[in-house]
Amino acid sequence: AGHSLGEFSALVATGTLSFDDALQLVSIRAKAMQKACEMTPSTMAAILNLADEKVEAICTEVQNESGEIVVAANYNCPGQLVISGSVKGIDIACERMKAAGAKRALVLPVGGAFHSPLMLPAKEELAAAIEATTFNTPACPVYQNVAAKAITDPAVIKQNLINQLTGAVKWTQSV
């Protein structure tokens with residue numbers, strides 16, 4: 001298992017990807033994500049000591065009421081979930097998280113809304129590169145971020161790696 005970018009390391013460690021192919025894909029991923037970040041001002045925030053279900057509900061409320069993108073992005077550990085979205089959406093959500101009892105709702109110093117729908121432009125570019133790359137059957141099952149379960153099928157591994165760019169990192173669920 002690997003968290004977000006670390007999933008590539010896990011795929012190399014299991015023999016699913018060669019080191020060279022992983023480096024190429026990581027480079028393509030970074031450049032594509034940077035382009036997506038430049039398209040829409042966006043960010044992330046860490047939410048501490050608020051139930052995952054409450055964080056998810058507030059994200060949905062903010063999206064429905066404001067039209068801003070706000071999603072649960074990284075389930076890092078019990079009591080620590082990172083949200084991702086537009087700058088305005090994150091600001092609104094942080095205020096609501098604090099009002100709902102979060103110990104902290106801290107905007108992170110990042111340049112983009114990683115693991116959110118705002119990375120969709122990057123997903124298309126990364127998907128083409130992943131599809132053109134050889135993935136082997138892993139030496140052992142790989143726990144992928146978006147699935148939070150053991151995977152061994154190279155085709156499924158590819159699809160999950162593509163979906164990880166816009167989907168949540170389910171680290172808590174994987175562990």
Cα gyration tensor, the range 1-71 - rounded (a/c under 1.5), prolate or oblate: oblate
Relative contact order (%) - criterion: Cα under 8 Å, at least six apart; region: the range 1-157: 31 percent
For the range 99-175: relative contact order, % (alpha-carbon pairs under 8 angstrom, 6 or more apart): 35 percent
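Taking only C-alpha pairs under 8 Å that are 6+ residues apart, what is the relative contact order of the range 37-124 in percent? Walk me through the numbers on the way to the answer.
Details: 183 pairs, mean separation 36.9, N = 88.
Normalised by residue count, the contact order of the range 37-124 is 42 percent.
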Tensor-based shape of the range 76-175 (alpha-carbon gyration tensor, a/c under 1.5 rounded, otherwise prolate or oblate): oblate
For the range 88-94, 3J(HN,Hα) per residue [Karplus equation, 6.51 cos²θ - 1.76 cosθ + 1.60, θ = phi - 60°, Hz, x = Gly/Pro]: 4, x, 5, 4, 4, 5, 4
Shape category assigned to the range 30-69 from the gyration tensor of Cα positions, a/c cut at 1.5: oblate
Expected 222 nm ellipticity per residue - DSSP helices of 4 or more, -39500 (n - 2.57), all of the chain, to 500: -14500 deg cm²/dmol
Apportionment of accessible area to carbon and sulfur, the chain, percent (1.4 Å): 56 percent
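Rg to Rh for the chain: what is it, with Cα atoms only and Rh by Kirkwood? Before the final figure, lay out the partial values.
Details: Rg = 16.3 Å, Rh = 16.4 Å.
Rg/Rh: 1.00.
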log10 of Debye I(q)/I(0), alpha-carbon scatterers only, for the range 126-175 at 0.13, 0.22, 0.25, 0.29 Å⁻¹: -0.28, -0.77, -0.94, -1.12
Integer Hz, Karplus 6.51/-1.76/1.60 couplings in order for the range 113-123, x for Gly and Pro: 9, 5, 6, 9, x, 5, 8, 3, x, 6, 4
Local net charge near Thr134, Cβ-Cβ under 13 Å (Lys/Arg +1, Asp/Glu -1): -2
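Pairs of lysine in the range 76-160 with Cα under 24 Å and at least 8 positions apart or on different chains: total? Could the numbers behind the result be given before it?
Working: Lys88/Lys98; Lys88/Lys103; Lys88/Lys123; Lys123/Lys149; Lys123/Lys158; Lys149/Lys158.
Close lysine pairs under the 24 Å cut-off: 6.
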Once exposed loop trypsin sites (Lys or Arg not before Pro) are cut out (DSSP; at most 13 other Cβ, 10 Å), longest piece of the chain: 1-102
DSSP-defined antiparallel bridges as percent of all bridges, the chain, nearest 5: 95 percent
Derived scalar couplings ³J(HN,Hα) [the range 142-149; Karplus, 6.51 cos²θ - 1.76 cosθ + 1.60; whole Hz; x for Gly, Pro]: 10, 8, 9, 4, 6, 9, 6, 8
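The values are calculated or read from the model by the stated rules, or taken from the named source; none is laboratory data. Everything numeric in this text was worked out from a predicted model, so none of it was measured. As a convention, Cβ positions derive from the backbone with ideal geometry for all residues, glycine included, and neighbour counts pool all protein chains shown. Ligands, DNA and RNA are stripped out before the accessible areas are found, and what is left, the full protein with its side chains, is counted by its heavy atoms. Shrake-Rupley method; radii C 1.70, N 1.55, O 1.52, S 1.80 Å.
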